[in-house]
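*Asks:* Okay, handing you the structure first.
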Amino acid sequence: MDISTFLSQDVKQIVVDIWQASSHLSQLQHKTEKVCHKFETLTCRFYELITSVLEENQLSTTLDFHTAVQELCPLFHQLLFWDFESDDIERFVELLSNWFIGISKQDIQDWFKVEYLSADTEVNLCLVLKMLYICSTLEHSLRSVYRLKDGHDPLLLRDLLSSKPLKETFGETRMKFLQVLFGGPLSLNLRNLLWHGFISPNELPSMYFHVLLFTIVEMSVFLDDQNLLVGMKKLPLVQKDFVRGVLNERLATTLRSFEANRGCDVANMNELYETSPYIPKSMLVYFKYSLNLYRSRRFGDCVMILLPQLEHLLRCRFSFCNKCPERVMTAESTEFYTTLDDVLSSNLKQGGENYLRYELGDNFMVLLRDLFVLQDGLRLRDHLSHGEMSSIDVDHNIAFVVVSAALYASHGCARKHEETGYTRNERDSFLDEPDTQNSAFNISFQGGACCTCQNNDLFRQISTFINNYESLFHALAFTKRDVCSSVKLCFNFKDTPSIENFNDLKNSVDSFEVDELVSSLKLLSIQYAQLAKSTVADSNFVEQFFTSITNKGDVKPLQESDQIDQLIEFLAGSHLHTLHRASPNDVIIRQISLNVKKAAENIKNILEVRKRMFKERSLRSRQRKNYICLLCSRPVLFAGLRFLTLYILVLIHHHGFMADTPQRLLRKLLQICENVVTFTSADVNKWKEAVNLMAKLSKLIPGL
């Protein structure tokens, strides 16, 4: 891809052209020596200058913002050459450290050793990384200040900057200046240009790094003078311990294999980026820099610099396959740019289907939604860019997924893949369209765009990981994990001691129709197992399963076999398709599965405790009777829980069946499961009541 800039005309003018027109100021200032000023002199002078420029400017039109930037450019250039007396450096760093999370004072002090006017690309990349940190932490801190007066801060940064509480706290002038820097498409819009990946290192004037730092320092001095700095409490950061735990569990083996097979070969990774038809030459340095950070195990920095470029890469591919090249550009004042939510949605805003899923494959789209969209997932770009998550919390697993996603997005293509969730007609109609050349992008699209990397071992390894990826954070993924746990628990306690071992005691327990209830639940399980045939029809196991039913001519032999248990285990291990699946029933089914798991845990735990106490002869008379009642109830409880796990698995795998299931039925089923949890809890142990609830299942769930 060879596009010189992704900045639209107005954006390029305010960010690049105005700066270049005043670049002679830099040369003039560079000829003079730096002048040491007292700290207070610098901050006062800074405030006086921005006041003189912005006092009469209403910042209501494009011209207003352009005029403001033109008049502020001399100040911006001066900041590069202002110097501190040595005694003030420590205070400068101290004031900055009040705003930053996860960055040491020594790191902040090192920031000022950079040659800001250097043309070195590596220096520019370092400055971009630091500016990403500054933008996110500044927004997070401003929201903390806002909440000192109001508990509900605006969603958008530009609305936050124009809010009354912040104007009352900092004054009109400071907030106007922040609006010039971050106030939406009319302004410099530095935060969005950086975090959404539109601007190349060579387009970003390095003086803005110094401008942002000095802005924070001046605001810190002001808050300190008002006795507000000490009392300002940062909003708590988002904690993703559970999410990281799931990733660690699921990716540990994959990550070890990846790195054992030279997965950290930076030269190999760079080759993939360099040969990508979708990465603009001007942005390639970002991708290479991120790999150096990954190799240095600076995982937070790696992800911070890579996320905006991954978004931009996906935006390019989205715009290519949907034939809307204008959407790779930044927003003008009257429109919004294409966001990750747009890129990963099922449909285009202007109508029609989003073809990116056919371009990249459903499993890759699922991975991206896990990373960026799902509420229970990482939401990595949102949390990091808004300062809600510390880069320290970005561990090896998260960095591995992001790097893998970027490498795959640079070449990956689903055109050679088998079915990935969409119909053959939909896929073929898309593939038949003549799109081998797209002049708007200057891309030659040959053999699925990726033929050059098909023999690359690293790319094959990443492709295998992605093409087998299954959602970890979709509501149905949580449901599946709970069901899998329930299956293991149920199979653990189905072989408990038989009641026949207690002939002298079983007559003391009130009898109930165990065999009849077990038979009805087994029959119901077999009926619903038939739906599995259409759910995973390609499975030889399922075909053999139903062939055995047909050959035997009836279902009675199956009630005495383990085939249903094997089918449940098979469905629990089958790939779950979740892309663009969202239903009001998802939440209810997740609650049902959680309660089934709790009930199975209750029964397993009490069986183990009572069995141990029985062997130790420490059961009292009432406890012995309760234990015998539990053993009598066990076949029904097992049959009921087994049916529930099968029913849930069929629901989550069979999209049409779940959509047709009435919500009122699921709510009644949830109530039954909640009551079963109550009756099987350690402090209740009402086994007959639990059995009666299982008996209701065969009446509540309609036969097929």
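The values are calculated or read from the model by the stated rules, or taken from the named source; none is laboratory data. Bear in mind the structure is a predicted one, so any value in this text is a computation, not a measurement. Here Cβ is always computed from backbone atoms with ideal geometry, including for glycine, and neighbour counts include all displayed protein chains. For accessibility, only protein heavy atoms count, side chains too; no ligands or nucleic acids. Shrake-Rupley method; radii C 1.70, N 1.55, O 1.52, S 1.80 Å.
*Asks:* Collect the residues in the range 235-248 that are of a type outside the set (A, V, I, L, M, F, W, C), surrounded by 15 or more Cβ atoms within 10 Å (Cβ to Cβ) and not in a helix (DSSP H, G or I), keeping them in residue-number order.
*Replies:* If the condition is that a residue be of a type outside the set (A, V, I, L, M, F, W, C), surrounded by 15 or more Cβ atoms within 10 Å (Cβ to Cβ) and not in a helix (DSSP H, G or I), then Lys240 is the only one that fits.
*Asks:* Also: So is Phe198 more than 16 Å from Ile134 (Cβ to Cβ), open to solvent by less than 20 Å² (accessible area, probe 1.4 Å) and among the aromatic types (Phe, Trp, Tyr) or not?
*Replies:* Judged against the criteria, Phe198 is a match.
*Asks:* For residues that are of a type in the set (Phe, Trp, Tyr) and over 15 Å from Thr51 (Cα atoms), tally how many sit in the range 148-188.
*Replies:* Within the range 148-188, residues that are of a type in the set (Phe, Trp, Tyr) and over 15 Å from Thr51 (Cα atoms) number 1.
*Asks:* What about Ile606, is it modelled with pLDDT of 90 or more, aliphatic (A, V, I, L, M), under 27 Å from Ala475 (Cβ atoms) and part of a helix (DSSP H, G or I)?
*Replies:* It is false that Ile606 is modelled with pLDDT of 90 or more, aliphatic (A, V, I, L, M), under 27 Å from Ala475 (Cβ atoms) and part of a helix (DSSP H, G or I).
*Asks:* Okay, next question. List every residue pair whose Cβ atoms sit under 6 Å apart, with the two residues 6 or more apart in sequence or on different chains, where the first one lies in the range 659-687 and is within 29 Å of Ala582 (Cβ to Cβ) and the second, anywhere, is at pLDDT 95 or above and open to solvent by 30 Å² or more (accessible area, probe 1.4 Å).
*Replies:* Partner pairs satisfying both residue conditions: Leu670/Gln591; Val677/Lys598.
*Asks:* Select from the range 634-643 the residues that are touching a residue at least 60 places away in the same chain (Cβ under 8 Å) and open to solvent by less than 30 Å² (accessible area, probe 1.4 Å) and list them in ascending order.
*Replies:* Val636, Phe638, Ala639, Gly640, Leu641, Arg642, Phe643
*Asks:* As an exercise: evaluate Met269 against (1) more than 26 Å from Glu470 (Cα to Cα); (2) crowded, with 23+ Cβ neighbours inside 10 Å and give the number of the one condition it does not meet.
*Replies:* Only one criterion is unmet by Met269, namely (1).
*Asks:* Still on this structure: Among the candidates Leu229, Leu251, single out the residue that is in contact with a Leu (Cβ under 7 Å, 6 or more places away or on another chain), over 30 Å from Phe336 (Cα atoms), surrounded by 16 or more Cβ atoms within 10 Å (Cβ to Cβ) and not aromatic (Phe, Trp, Tyr).
*Replies:* Just one listed residue meets the conditions, Leu229.
*Asks:* Separate question: Where residues in the range 346-396 are among the polar types (S, T, N, Q) and surrounded by 21 or more Cβ atoms within 10 Å (Cβ to Cβ), which of them is farthest from Asn248 (Cα to Cα)?
*Replies:* Looking at the filtered set, the residue picked out is Ser385.
*Asks:* Filter the range 236-284 for residues that are under 27 Å from Arg379 (Cβ atoms), of a type in the set (Val, Ile, Thr) and touching a helix residue (DSSP H, G or I) at 6+ places or on another chain (Cβ under 7 Å) and give the result.
*Replies:* The answer is Val238, Thr254, Ile279.
*Asks:* Name the residues in the range 578-606 that are surrounded by fewer than 19 Cβ atoms within 10 Å (Cβ to Cβ), over 13 Å from Asp482 (Cα atoms) and over 26 Å from the mean Cα position of the chain (by Cα), would you?
*Replies:* Across the range 578-606, the qualifying residues are Lys604, Asn605.
*Asks:* Next question, about the same structure. Can you tell me which residue is nearest to Arg610 (Cα to Cα) among those in the range 668-701 that are open to solvent by 70 Å² or more (accessible area, probe 1.4 Å) and assigned to a loop (DSSP other than H, G, I, E, B)?
*Replies:* Ala682
*Asks:* Across the range 1-38, what is the total count of residues that are open to solvent by 20 Å² or more (accessible area, probe 1.4 Å), in a loop (DSSP other than H, G, I, E, B) and modelled with pLDDT of 65 or more?
*Replies:* Qualifying residue count, the range 1-38: 5.
*Asks:* To continue, here is another question. Report the residue count in the range 140-168 for those that are modelled with pLDDT of 90 or more, part of a loop (DSSP other than H, G, I, E, B) and over 24 Å from the mean Cα position of the chain (by Cα).
*Replies:* Summing the residues that are modelled with pLDDT of 90 or more, part of a loop (DSSP other than H, G, I, E, B) and over 24 Å from the mean Cα position of the chain (by Cα) in the range 140-168 gives 2.
*Asks:* Another one. Quick check, is Glu203 of a type in the set (Asp, Glu) and buried (at least 18 other Cβ atoms within 10 Å of the Cβ)?
*Replies:* yes
*Asks:* Would you confirm whether or not the range 404-418 contains a residue that is under 26 Å from His140 (Cα atoms), open to solvent by 20 Å² or more (accessible area, probe 1.4 Å), out of contact with any Phe, Trp or Tyr (no Cβ under 9 Å at 6 or more places or on another chain) and outside any helix (DSSP H, G or I)?
*Replies:* The answer is no; no qualifying residue exists.
*Asks:* If His575 passes every condition in (1) surrounded by 15 or more Cβ atoms within 10 Å (Cβ to Cβ); (2) over 15 Å from Met658 (Cβ atoms) but one, which one does it miss?
*Replies:* (1)
*Asks:* Mind listing whichever residues of the range 624-633 are open to solvent by 20 Å² or more (accessible area, probe 1.4 Å) and either touching a strand residue (DSSP E or B) at 6+ places or on another chain (Cβ under 6 Å) or more than 18 Å from Thr678 (Cα to Cα) (or both)?
*Replies:* Selection gives Arg624, Lys625, Cys632.
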